[in-house]
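Reviewing the structure listed below.
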Amino acid sequence: MDIKTLIEEVLLDLANNKSLTEVSSKIQIIVRLLGDEKLKLWYSCEFITGYNNQELPDYRISKAADIKANYLVGQGLGVWQISNQSVPVANLGKEKYNEIMTARFSDTISSIIDYIRHPKEIAMSLSPYEQGLVQKVLGDAHIQNVYKVLSPSTFQTIIDTVQGRIIDMFMDLNEKVFNGELDLKSSTAKKEIQQVITNNITAGIVQTGSGTIETSNSTIGVTIEQTLPVATMKKLSSLADEIEKVLKDSDGDVDEITKDIDDIKTELSKQNPNICFLKKSFKALTWGVTVSCKAAIEELVKKAIALL
């Protein structure tokens, strides 16, 4: 099986907005052919089993938007029923507040993709310990239900991060490793493959003998608070204009690529553009371009990626 062709197919599929679940079977085949144990474990946790017995990567740990509860409060001889009321957990102090607002996501990526289809707030149940903290805040109130409120954008961040890692890894493998059509079984190929996987998938994540993934030293992660400086956004917009000009001067069919550039410009016009989306979109511009302008496009894309 030609692994290089398969990698290129996945990159094209993702560039054409196919979801991770749609291309997961191809990714699984590539992962098996590469034979790296850390990559196999990462793929299994993300796509098959979820993170049941492993430490979560940092991009799967986020913050809830709010804590809400339904509870009963005594009032004279009667009882008041309070529904969907925000709980002032900040009263617990900074340390306890951070504990209770932390949201951990161990589900498979397919489940997380399902979550973002909900247009409204998504609820996550609290642990018994967290429920005890809420009880301290509400005092004598009888809690009927309490939950963390999650924004769909939280799940989108996880999806973008996983997709971004896969794209980065496959782009690097395609350009650095398989450009020379290396024999997968050779020690040189294995070493180069392992280096690419470490750089893009498991950097800072160490697999211990028990199979647990420790992420305390990880430097990889994307959070919804991540923003781009205005000057950087202007530079990226300028690079997008340059790429568009090169495409217009070429003799190929650039309608689809022009649409991708429009998507990049639209994202850059937002107050907090999605960095993973921009990175993916810029890299996708190098696929499908004609030979006459490929080198120029790749150089401009390289400059854009360096800014991200």
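Derivation of every value follows stated rules applied to the coordinates shown; laboratory data play no part. The shown structure was predicted, so the numbers you read here are calculated from the model rather than taken from an experiment. So basically every Cβ, Gly included, is an ideal-geometry build from the backbone, and we count neighbours across all protein chains shown.
Remark on Asn145: its backbone amide H falls under 5 Å from those of Asn70, a criterion applied only to residues 5 or more positions apart or on other chains, H modelled at 1.01 Å from N.
Highest average first, the peptides 38-49, 12-23 ordered by how many other beta carbon atoms sit within 10 Å of their residues are 38-49, 12-23. Residue ranges 84-96, 50-62, 162-174 sort as 162-174, 50-62, 84-96 when ordered by packing (mean number of other C-beta atoms within 10 Å per residue, highest first). Spin-label model, Thr21 to Leu6: label points 7 Å out along the Cα-to-beta-carbon direction sit 2.3 nm apart. Relative to the Cα centre, the charge distribution of segment 58-156, modelled as +1 at Lys and Arg Cβ and -1 at Asp and Glu Cβ, gives a dipole magnitude of about 100 debye. Cβ crowding within 10 Å, taken as a proxy for footprinting-reagent exposure, orders Ser238, Ser250 from fewest neighbours to most as Ser238, Ser250. Placing a label point 7 Å from the Cα of His142 along the Cα-to-Cβ direction, the residues of segment 56-94 whose backbone N falls under 15 Å from that point are 70-83.
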